[in-house]
Amino acid sequence: MGSTIWDRLERLAPSVRGELELTEAIAALIEDGCRVVAADVLGPWFDIGTPESLAAANSVYG
């Protein structure tokens, strides 16, 4: 199928909250019959919803 989560996110319009909703992109992949799997994340996890938290994540992973 060749569709990736990044392809889906590029096609999404912002939600009423003004954000790209990852759950909508995942649902679209599933509806198209794509295989969607979860992966464990090792190390710190960051909610990058604010510039400050994005900067914190960049300091660890950037």
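The values are calculated or read from the model by the stated rules, or taken from the named source; none is laboratory data. The structure displayed is predicted, hence computed values, not measured ones. Cβ placement follows ideal geometry from the backbone for every residue including glycine, while neighbour counts extend to all protein chains displayed.
Could you check how many residues of the stretch 20-48 are part of a loop (DSSP other than H, G, I, E, B) and either more than 14 Å from the chain's Cα centre (by Cα) or in contact (Cβ under 8 Å) with a residue 12 or more places away in the chain (or both)?
Count: 9.
Between 26, 5, 48, the distinction of being at pLDDT 90 or above and β-branched (Val, Ile, Thr) belongs to 26 only.
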